[in-house]
1. Heavy atoms of the protein only, probe of 1.4 Å, neighbouring chains included. What is the accessible area of Leu172 in Å², nearest 10?
2. Indicate the helices, whole DSSP H runs only, in the chain that combine a mean Kyte-Doolittle hydropathy of -0.5 or more with a Cα extent along their long axis of 15 angstrom or more.
3. Select from the range 38-84 those trypsin sites (Lys or Arg not before Pro) which occupy a DSSP coil region and have at most 10 other Cβ atoms within 10 Å, ordered by residue number.
4. Would you work out if the range 16-154 is rounded, prolate or oblate? Take a ≥ b ≥ c from the square roots of the eigenvalues of the alpha-carbon gyration tensor; rounded if a/c is under 1.5, else prolate when a/b is larger than b/c, oblate otherwise.
5. Please check: in the Gaussian network model of the chain (C-alpha springs, under 10 Å), which one of Glu83, Glu157, Glu199 has the largest mean-square fluctuation.
6. Which one of Ala19, Ala34, Ala196 has the biggest mean-square fluctuation once the chain is modelled by GNM with Cα springs under 10 Å?
7. Long-range amide H contacts for Phe177: which residues qualify at under 5 Å (H placed 1.01 Å from N, peptide plane, sequence gap of 5 or more or a different chain)?
8. By a straight-distance test (C-alpha under 14 Å), which aspartates and glutamates pair with Lys46 as possible cross-link partners, with residues fewer than eight away in the same chain excluded?
Amino acid sequence: MEQYPKHIGIIMDGNGRWATERNLPRMEGHKAGAKNLKRLLKHILKKDIPCVSIFAFSTENFRRSQEEVQALMTLFMNYFDKELSFLIKQNVRVCFSGRAKPLPEGVLKNMRKLEEMTKNNGPKTLNICINYGGQDELVDAVKAISEEVQAGQYAIEEIDRNTIEEHLYQKLPPLDFVIRTSGEQRISNFMLWQSAYAEYYFPKVYFPDFDEEAFDESLMVYQNRNRRYGGDNEKKNS
Ligand code: IPE
Ligand code: IPE
Ligand code: MG
């Protein structure tokens, strides 16, 4: 029987290089990536994969040129409003992970709108990481927990893994499988807590070329991994 990951993460990398190799401005790569994402999501939704997290923009991506950041923000604003509206009818709940500040109000407004319009959908979930950093997520969780301890809601001794999980940006299952396109073999601050026991895969293709076929090939890689969680169990994907 085919084993599907319950939660899959996609670090959508390589848009810039895809464009540069074609002598196009970097933004054309982001547009091609956005177009590919829509097609890919439709494909993934047909499969028995309940939760997908995508890395759209890291906190650190604000270090890019003002021109690129601004153009990306405009792309996000329109994308959340129009391109992802098909998810409303597809019964997918959309949520976001990351800090609100300093995202522009126009982007935040369309994020809230999409969240609101899909809040009763489910059980499938699309989690979009935008202005997201895995370390910042843990910093924010520690701050919230400290405030609750200070207010006397529970004692330090009572803090366990569940306490941390309850204070992450979203309540999601652990990541089973993380794909990063473009050949870079690093996490770049993506869902550090959630990926503790994730399997990783680094296909060489740039994200705009990571099509349905490439996704299915990645799934086959996952299905052949042997997950042990620190034990001595040789069973695959159990
Ligand atoms: C990923 O593509 C998209 C974002 C980070 C917003 P890049 O823009 O990082 O593409 P490369 O890595 O420069 O090719
Ligand atoms: C990671 O890609 C973030 C996203 C895909 C949104 P980057 O291109 O920003 O990562 P680095 O800089 O190569 O580590
Ligand atoms: Mg990159």
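The values are calculated or read from the model by the stated rules, or taken from the named source; none is laboratory data. Quantities reported herein were computed from a predicted structural model and do not represent experimental measurements. Ideal geometry is used to build each Cβ from the backbone, glycine not excepted, and the neighbour counts take in all protein chains shown. With ligands, DNA and RNA removed, areas are computed over all heavy atoms of the protein, side chains included. Shrake-Rupley method; radii C 1.70, N 1.55, O 1.52, S 1.80 Å.
1. 30 Å²
2. Those that clear 15 Å and a mean of -0.5 are 66-78, 134-150, 212-223.
3. Lys46
4. On the way: a/c = 2.04, a/b = 1.27, b/c = 1.60.
Oblate.
5. Of Glu83, Glu157, Glu199, the most mobile in the Gaussian network model is Glu157.
6. Its mean-square fluctuation being the largest, the pick is Ala196.
7. Excluding prolines and chain starts, which carry no amide H, the hits are His7, Gly9, Glu199.
8. List returned: Glu212, Glu213, Asp216.
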